[in-house]
Each structure stands twice: as C-alpha cells, then as structure tokens.
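K.L.:
Handing you a structure now.
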Amino acid sequence: MVLAEMVSKSFGSNEVLKSISLEVKRGEVMCLVGPSGSGKSTFLRCINHLEVVSAGRLSVDGDLVGYREANGKLYELAPREAARQRRDIGMVFQRFNLFPHMTALANIMEAPQRVKGLPKAQVEKSARELLARVGLADRADYYPAHLSGGQQQRVAIARALAMEPKLMLFDEPTSALDPELVGEVLDVMQGLAASGMTMIVVTHEMGFAREVADSLVFMDAGVVVESGHPDAVLSNPQHGRTQAFLSKVL
Ligand SMILES: Nc1ncnc2c1ncn2[C@@H]1O[C@H](COP(=O)(O)OP(=O)(O)OP(=O)(O)O)[C@@H](O)[C@H]1O
C-alpha cells in the first residue's frame with residue numbers, strides 16, 4: 001500500500017530524510033518512532049502530498065506520490081491529480097484542527113459535502129454512524145470548545161474517516177492529551193486497525209505499538225536505524241541509538 005524506495009527530502013541544504021526504504025502492506029499498521037527532529041512528520045507529509053520528495057520513489061496503492069511517470073521520465077504531479085490522490089488519505093494531527101465554529105457533526109459532514117457533493121441527508125446519516133463508531137453519538141451538536149481533548153481527537157478521526165480513506169496517517173495523535181484521555185483515543189485507533197485499515201502512526205505509545213502494530217520503525221536523523229516486529233525491536237533493540245531512545249520512552 002505504501003512503498004518508499006530510497007526516499008530523500010531536503011529543505012535547502014538540510015537533508016531531513018536520507019534514503020528511506022520501507023513498506024506498509026494493505027491492512028497493516030506501522031508505528032514510526034524516533035527523537036524530535038528525526039523526520040517522522042516530514043515523512044508523513046510527503047505521503048500526504050504536503051511535501052514533495054527530493055529523490056527516490058514513494059507510492060501509495062501503486063500511484064507515485066509527487067510525480068507521474070511517462071516515457072521513462074518523472075514529471076511532477078499536477079495539483080489537481082495530487083488533490084485527487086490526497087482524498088484517499090486521512091490524516092490526524094497532534095492538535096485536533098477541528099473547525100471551532102462548527103459542531104462535531106458539521107465538522108464530520110464538511111468534507112464529504114464540499115468535496116464529494118453528496119446529498120446532505122446521506123452525509124448526515126454516515127456522519128452520525130461515524131460519531132457512534134468513535135463513541136460520541138450523544139455529542140453531535142457539541143462545539144469543539146465544549147468537548148474534551150480526547151473527544152475532539154475522536155471527532156477528528158471520524159472526520160478523516162468520512163472521506164472513506166484507504167490509508168490513515170496519525171502524527172502523534174495523543175501527545176497533546178492529558179494522560180487520562182490517551183486511552184480512549186488509542187482504543188478508537190485499535191478498533192480501526194482491527195477493521196483492516198492501513199495505518200502509519202507516529203507515536204511514543206509503545207504499549208499501542210506492541211499490541212496493535214505489525215511493524216515498528218525507529219528513525220533518527222532522517223535515517224531508518226532499525227525496523228521489525230514491535231516485540232523484537234522493543235525487547236531486543238540491536239542498535240545503540242534505538243536502545244538509548246527506548247530507555248527514555250519505555
Ligand atoms: N518546511 C520546512 N522547512 C524547513 N525545514 C523543515 C521544514 N519542515 C521540517 N523541517 C525540518 O526537518 C527536520 C525534521 O522535522 P520533522 O518535523 O519531520 O521531525 P519529527 O521527527 O517529526 O519531529 P517532532 O517529533 O518534533 O515532530 C527538522 O530539523 C525541521 O526543522
């Protein structure tokens with residue numbers, strides 16, 4: 001589903017991703033961990049067409065991200081095509097980024113109505129089902145300011161799901177939450193994984209990685225230092241840099 005082959009990304013002379021190669025198969029969950037500044041968000045942003053890779057090949061479900069190929073050459077994707085591909089990818093951020101002037105229900109309905117132009121009644125029915133799925137059926141008419149951080153993040157997940165994505169990206173989805181609210185968001189994510197969603201999750205929640213992820217990738221300074229099954233990486237890290245990082249978060 002997501003295939004990165006020798007992907008690099010530079011901002012000016014700062015090479016933030018250095019020849020990243022990895023694969024996430026359909027229905028798999030990959031957790032991406034590493035110190036601040038190691039390039040995790042940049043990698044997600046490349047997948048989600050928010051940045052264009054500087055070198056290498058990145059593809060989602062067979063479509064090259066950032067480029068198209070013709071006559072053996074690569075051409076940058078037209079914005080329209082990039083936008084079309086982006087619709088299949090849901091992204092959840094650390095800060096929930098809900099529209100503050102809209103209710104939970106309206107937040108979820110906004111994109112399907114605006115982008116897909118579906119009839120309101122149909123969109124509302126699906127949005128209410130999604131609210132129920134994230135355990136917030138009774139909060140449809142609440143504005144974000146009247147929801148807890150955990151509830152706002154669950155609405156943000158429902159909002160991303162409303163576009164029926166093939167892939168979900170999570171960038172530290174629980175880092176801004178009070179500790180007692182982390183579990184409710186991780187539970188929703190675990191349910192999503194169990195439903196077969198392909199997910200890449202940047203997180204420091206190693207319990208979630210161990211329980212839910214199919215693979216764990218440790219990145220440092222733009223390089224994949226170590227990757228493998230979460231149990232193996234967490235129980236028996238092979239590299240000093242991984243050991244040093246894990247000793248701080250475990
Ligand atoms: N648009 C940009 N322009 C210039 N430099 C950038 C840009 N975006 C990211 N960087 C740099 O890329 C490096 C990696 O940042 P990135 O946010 O990807 O790391 P991260 O591992 O997600 O860190 P964190 O856990 O703190 O979010 C940092 O040095 C950052 O300053």
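The values are calculated or read from the model by the stated rules, or taken from the named source; none is laboratory data. None of these values were measured; they are calculated from a predicted model. With ideal geometry, Cβ positions are generated from the backbone for all residues, glycine too; neighbour counts draw on all protein chains shown. These accessible areas exclude ligands, DNA and RNA; they are computed on the full protein's heavy atoms, side chains included. Shrake-Rupley method; radii C 1.70, N 1.55, O 1.52, S 1.80 Å.
K.L.:
Could you run the Debye sum over the Cα atoms of region 59-170, one equal point scatterer each and no solvent, and tell me log10 of I(q)/I(0) at q = 0.15, 0.17, 0.22, 0.23 Å⁻¹, two decimals?
P.N.:
-0.67, -0.80, -1.15, -1.22
K.L.:
Something else about it: For the chain, what number of Lys pairs, 8 or more residues apart or on separate chains, have alpha-carbon atoms under 27 Å from each other?
P.N.:
Final tally of qualifying lysine pairs is 18.
K.L.:
Related question: Any chance you could check the Cα centroid distance between region 32-83 and region 236-250 for me, in angstrom?
P.N.:
Region 32-83 and region 236-250 have Cα centres separated by 29 Å.
K.L.:
With an 8 Å Cα cut-off and a minimum separation of 6 or more residues, compute the relative contact order for region 192-246 in percent.
P.N.:
Values: 44 pairs, mean separation 12.9, N = 55.
The value is 23 percent.
K.L.:
Expressed as a rounded percentage, what relative contact order does the chain have, with Cα pairs under 8 Å and six or more residues apart? List each step's numbers first, then the result.
P.N.:
Numbers: 447 pairs, mean separation 64.7, N = 250.
Over the chain, the number comes to 26 percent.
K.L.:
Same structure again: Compute, for the chain, the length of the dipole vector about the Cα centre, with Cβ point charges of +1 (Lys, Arg) and -1 (Asp, Glu) only. Units Debye, rounded to 20. It would help to have the intermediate numbers written out before the result.
P.N.:
Details: 27 positive and 29 negative charges, 147 e Å.
Dipole size: approximately 700 debye.
K.L.:
Could you give the accessible area per residue of region 131-212, probe 1.4 Å, as a whole number in Å²? Walk me through the numbers before you get to the answer.
P.N.:
On the way: 3190 Å² over 82 residues.
I get 39 Å² per residue for this part.
K.L.:
OK, next. Cα convex hull of region 3-77: mean projected area in nm², to one decimal?
P.N.:
With every direction weighted equally, the projected area is 5.4 nm².
K.L.:
Cα convex hull of region 1-131: mean projected area in nm², to one decimal?
P.N.:
Working: hull surface 41.3 nm².
The number I arrive at for region 1-131 is 10.3 nm².
K.L.:
State the answer as a single residue: which of Val223, Val201, Gly191 lies farthest towards the positive end of the charge dipole of region 183-250, with beta carbon charges of +1 for Lys and Arg and -1 for Asp and Glu, about the Cα centre.
P.N.:
Going by the Cα projections, it comes out as Val223.
K.L.:
Which is farthest toward the positive dipole end of the chain among Leu130, Gln85, Ala4, measuring Cα position about the Cα centre, with Cβ charges +1 (Lys, Arg) and -1 (Asp, Glu)?
P.N.:
Gln85
K.L.:
Any idea what the dipole of region 153-250 comes to, in debye rounded to 20, about its Cα centre with Lys/Arg Cβ at +1 and Asp/Glu Cβ at -1?
P.N.:
On the way: 6 positive and 13 negative charges, 39 e Å.
Here the size comes out at about 180 debye.
K.L.:
Quick one: compute a quarter of the convex hull surface over the Cα atoms of region 144-250 and quote it in nm². It would help to have the intermediate numbers written out before the result.
P.N.:
Working: hull surface 29.9 nm².
Across all orientations, region 144-250 yields a mean hull projection of 7.5 nm².
K.L.:
Taking every Cα atom in the chain, find the radius of gyration and the maximum pairwise distance Dmax, and write them in Å.
P.N.:
Cα radius of gyration and Dmax of the chain are 18.4, 56 Å respectively.
K.L.:
I'd like the distance between the alpha-carbon centres of region 86-125 and region 148-210, rounded to an integer number of Å.
P.N.:
16 Å
K.L.:
While we're on this one: Take every Cα-Cα pair in region 42-111 and report what % of them are more than 18 Å apart. Don't jump to the answer; show the numbers that get you there.
P.N.:
Details: 1142 of 2415 pairs.
It works out to 47 percent of all Cα pairs.
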